[in-house]
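S.K.: One structure coming up, written as structure tokens, with questions to follow.
Values in this text are rule-based calculations from the coordinates and carry no lab data. The structure displayed is predicted, hence computed values, not measured ones. Ideal geometry is used to build each Cβ from the backbone, glycine not excepted, and the neighbour counts take in all protein chains shown.
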Amino acid sequence: EAQVTQNPRYLITVTGKKLTVTCSQNMNHEYMSWYRQDPGLGLRQIYYSMNVEVTDKGDVPEGYKVSRKEKRNFPLILESPSPNQTSLYFCASRGRYYEQYFGPGTRLTVT
Amino acid sequence: AQKITQTQPGMFVQEKEAVTLDCTYDTSDQSYGLFWYKQPSSGEMIFLIYQGSYDEQNATEGRYSLNFQKARKSANLVISASQLGDSAMYFCAMRGMDSSYKLIFGSGTRLLVRP
């Protein structure tokens, strides 16, 4: 089954404790991206990657890092999480018509 | 700047009836793509349907169809024969013009299907 997977689905952590949200797709897509969704602000792009070893900042990259060492994986790293990073996070990969297929989401709470 | 506008915060529809969710867009690009996504209460974002700006026919995917009126810059989603499982948030989106290829989303419409 073609899909984008994310782990963990739910995470509660404390300020400053480094964490990684993994993302993997099995559709051989070159382009992948990360979004966060917040009430009243909608979905905003954090980072994107056009291909292996090619990443760039989206609209809200502060406090996040990414890497793309393999085509299928695109992890999101929060080196020192803060409460304002509490959000619903989505990983996505892009199909041939520029449609993006989203993972199931990761609900992150930083206390 | 590109913008998606969804003017219906919430809608009700009776089970088995059809419903139209409105979406208007603004872009100066000649080539663009429009998308609809469904977000159930469980949170995932599900891709429903795509319409390209040069497509001559309205897109259809099962019970979903997109009523594309280019001159009016509208891309309404029509759901036929509504089911209880259609209750969800629905987002209209378009592809960004810059190199990020990000999706620009509207604010969404919450649809509730009544039995």
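S.K.: Calculate the mean, over all residues of peptide B:101-108, of how many other protein chain Cβ atoms lie within 10 angstrom of the residue's Cβ.
M.R.: Counting other chains' Cβ atoms within 10 Å and averaging over B:101-108 gives 5.
S.K.: At each listed q (0.17, 0.18, 0.20, 0.27 Å⁻¹), what is the log10 of I(q)/I(0) that the Debye formula gives for segment B:1-86 modelled as equal alpha-carbon point scatterers?
M.R.: The computed values of log10 I(q)/I(0) come out as -0.74, -0.83, -1.00, -1.55.
S.K.: Residue by residue through A:38-50, how many Cβ atoms from other chains fall within 10 Å of the Cβ on average?
M.R.: Details: counts 0, 0, 1, 1, 8, 10, 2, 6, 1, 1, 4, 0, 3.
Per residue, the number of nearby Cβ atoms from other chains is 3 on average.
S.K.: Per-residue mean of other chain beta-carbon atoms within 10 angstrom of the beta-carbon, peptide B:43-49? Each step should come with its number before you reach the end.
M.R.: Details: counts 9, 8, 13, 2, 7, 1, 1.
Going residue by residue through B:43-49 and averaging, the value is 6.
S.K.: Could you tell me the largest-minus-smallest coordinate of the C-alpha atoms of the protein assembly as shown on each of the three principal axes, in descending order and whole angstroms?
M.R.: So the extents along the principal axes, rounded to whole Å, are 49, 40, 35.
S.K.: Return the Cα extents of segment A:23-108 along principal axes one, two and three, sorted largest first, each rounded to a whole Å.
M.R.: Largest to smallest, the principal-axis extents are 34, 24, 20 Å.
S.K.: Can you tell me the dipole magnitude for the protein assembly as shown around its Cα centre, using point charges on the Cβ only (Lys, Arg +1; Asp, Glu -1), in Debye to the nearest 20? If you can, show how the numbers build up before the last one.
M.R.: Details: 25 positive and 21 negative charges, 88 e Å.
Dipole of the protein assembly as shown, to the nearest 20 debye: 420 debye.
S.K.: Here is a follow-up. In terms of the ratio Rg/(2.2 N^0.38 Å) built on C-alpha atoms, what value belongs to segment A:1-59? Walk me through the numbers on the way to the answer.
M.R.: Details: Rg = 13.3 Å, N = 59, 2.2 N^0.38 = 10.4 Å.
Against the compact-globule rule of thumb, the ratio is 1.29.
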